[in-house]
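The values are calculated or read from the model by the stated rules, or taken from the named source; none is laboratory data. Only a predicted model underlies this, so the values are computations on that prediction, with no experimental measurement involved. Glycine also receives a Cβ, built like all others from the backbone with ideal geometry; neighbour counts cover every protein chain displayed.
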């Protein structure tokens, strides 16, 4: 019996680590030092470039394994939003997203450490914010949740109260589209349990806004 190659998750994102851990699969965590500079490209191209740079950086010190990296960006009117640099920057981002529909793009890169063969995929989700008052933005930023997240909000936490509607893959907004990851990983011999992926999508769907908002298809 041939054992599947070891899965190496090259990320420090607690959300990605938690989601992959919930699949019940063994994996190794690799922390990679990577200087992220936002490229002047369309959102999907930018996310794919950053994810690929990460996987190449991670693969330099490995001889075996399937390496997985990801990068999530928020886009509005062609402008890219990464993680805020400060609470003030977070408040500015949220004010710009208020009452508008933006795109969340996550690129996933996978590479075989031995052969250096790799693949890229990306997922796009439309997210519509409620109209946010300055007081709502101040309270949310003061809680600290936005500071390590692209676009300055976390859909899986208190940030769900800012959102009126989602159209597309919800876990993509969290930062790791499991369906895309599963499809790519299987191409490299990593058996991702499909039933568990479906169960996680069903279990993780949030209640958005203040109770009257609705979620789109995910």
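Which one of these does residue 114 not meet: (1) at pLDDT below 95; (2) touching a helix residue (DSSP H, G or I) at 6+ places or on another chain (Cβ under 9 Å)?
For residue 114, the failing item is (2).
State all residues of region 34-58 that are in contact with a helix residue (DSSP H, G or I) (Cβ under 9 Å, 6 or more places away or on another chain) and either without any contact (Cβ under 8 Å) to a residue 24 or more places away in the chain or surrounded by 16 or more Cβ atoms within 10 Å (Cβ to Cβ) (or both); if no residue qualifies, say none.
34, 37, 39, 40, 41 - these are the residues of region 34-58 that are in contact with a helix residue (DSSP H, G or I) (Cβ under 9 Å, 6 or more places away or on another chain) and either without any contact (Cβ under 8 Å) to a residue 24 or more places away in the chain or surrounded by 16 or more Cβ atoms within 10 Å (Cβ to Cβ) (or both).
Give me a count of the residues in region 50-103 that are touching a strand residue (DSSP E or B) at 6+ places or on another chain (Cβ under 7 Å) and more than 17 Å from residue 29 (Cα to Cα).
Adding up the residues that qualify gives 19.
Give the residues of region 126-137 that are surrounded by 14 or more Cβ atoms within 10 Å (Cβ to Cβ) and farther than 14 Å from residue 159 by Cβ, sorted by residue number.
If the condition is that a residue be surrounded by 14 or more Cβ atoms within 10 Å (Cβ to Cβ) and farther than 14 Å from residue 159 by Cβ, then 126 is the only one that fits.
Counting only residues that are at pLDDT 90 or above and not in a helix (DSSP H, G or I), which one in region 192-218 is surrounded by the fewest Cβ atoms within 10 Å (Cβ to Cβ)?
193
Quick test for you: out of 151, 159, pick the one residue that is closer than 23 Å to residue 101 by Cα, free of Cβ contacts under 8 Å to residues at least 60 places away in the same chain and assigned to a helix (DSSP H, G or I).
159
Filter region 117-148 for residues that are in a loop (DSSP other than H, G, I, E, B) and touching a helix residue (DSSP H, G or I) at 6+ places or on another chain (Cβ under 7 Å); which is farthest from residue 96 (Cα to Cα)?
Restricting to residues being in a loop (DSSP other than H, G, I, E, B) and touching a helix residue (DSSP H, G or I) at 6+ places or on another chain (Cβ under 7 Å), the top hit is 143.
Any residue in region 83-102 that is surrounded by fewer than 23 Cβ atoms within 10 Å (Cβ to Cβ), farther than 28 Å from residue 7 by Cβ, modelled with pLDDT of 95 or more and within 17 Å of the chain's Cα centre (by Cα)?
yes
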